[in-house]
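A quick write-up on the structure given underneath.
The values are calculated or read from the model by the stated rules, or taken from the named source; none is laboratory data. Because the structure is predicted, anything quoted here is derived from the model rather than measured. Quick reminder, even Gly has a Cβ in these numbers, built from the backbone with ideal geometry, and neighbours come from all protein chains shown. We work out accessible area using only protein heavy atoms, side chains counted, and drop any ligands, DNA or RNA first. Shrake-Rupley method; radii C 1.70, N 1.55, O 1.52, S 1.80 Å.
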Amino acid sequence: MAAPSPRIADPEREPARLRVTEIFLSLQGEADSVGWPTAFVRLTGCPLRCRYCDTEYAFSGGEAMTLDEVLAQVAEYGVRHVTVTGGEPLAQKGCRELLTRLCDAGHRVSLETGGALDVNGIDPRVIKVVDLKTPASGECERNRYCNIEHLSPDDQIKFVICDRADYEWARAQVRERELDRICTVLFSPVAGGLAPRELADWIIEDRLPVRFQLQLHKLLWGDEPGR
């Protein structure tokens, strides 16, 4: 009599898992919730390779965690604001379910995404902060412009500006696509590159309807991981 076949686990019954680089508590350094104590969930992996990326350590590695484990660790921090970031969080299939469950738990949830993957269908309670990559990023051709139609007034579009050419490109995007009529538009100088004052002067000169921002966490802690 033949030996019974080994039992194979049904993947539909196994808890969903995410690969997580880190979960930490800090102050939100960007966007509309800047300054709030925030729990950050940094997911592992990213299909982009921006020239100025400051989180290359999140490209690989990480720890496999169930959604319950992630939510439990976030709950330990006892804060309302939660940001899911990366890497590129949407590169993992379980990200959308994580966003919904964080909202269900009563958190004010934001998603930081590089703009190359589809944001359609994300839980409407989630605040989407979507990058539009500039030419100097090296990933401008990966912008998914159809994402713009899925943004609400509570969402934000972010440009990281590296030089004058980047600024002029971003300015054209704002004007031609009327981005300021859709949601808040953020212009940020690349850290350690373009002088913040220079970018501020350009925005003022053009009366551009965007919000200038600096990365608060970098002013406080530099490039220290987990801050």
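So which of Arg175, Arg171 ends up being modelled with pLDDT of 95 or more and in contact with a helix residue (DSSP H, G or I) (Cβ under 8 Å, 6 or more places away or on another chain)?
Working: Arg175 fails: in contact with a helix residue (DSSP H, G or I) (Cβ under 8 Å, 6 or more places away or on another chain).
Criteria check complete, one pass: Arg171.
I'd like the residue in segment 124-168 that is small (Gly, Ala, Ser) and surrounded by fewer than 17 Cβ atoms within 10 Å (Cβ to Cβ) and, out of all such residues, is nearest to the chain's Cα centre (by Cα). Please lay out each step first, then the result.
So in segment 124-168, the residues small (Gly, Ala, Ser) come out as 136-138, 152, 165.
Adding the requirement that they be surrounded by fewer than 17 Cβ atoms within 10 Å (Cβ to Cβ) leaves 138, 152, 165.
Working: Gly138: 18, Ser152: 16, Ala165: 24 Å.
The residue in question is Ser152.
Within segment 75-94, can one find any residue that is farther than 27 Å from Leu199 by Cβ, more than 19 Å from the chain's Cα centre (by Cα) and among the charged types (D, E, K, R)?
The answer is yes, given that some residue of segment 75-94 is farther than 27 Å from Leu199 by Cβ, more than 19 Å from the chain's Cα centre (by Cα) and among the charged types (D, E, K, R).
Restricted to segment 55-84, and to residues that are within 14 Å of Thr21 (Cα to Cα) and in a loop (DSSP other than H, G, I, E, B), which residue is most open to solvent (accessible area, probe 1.4 Å)?
It comes out as Ser60.
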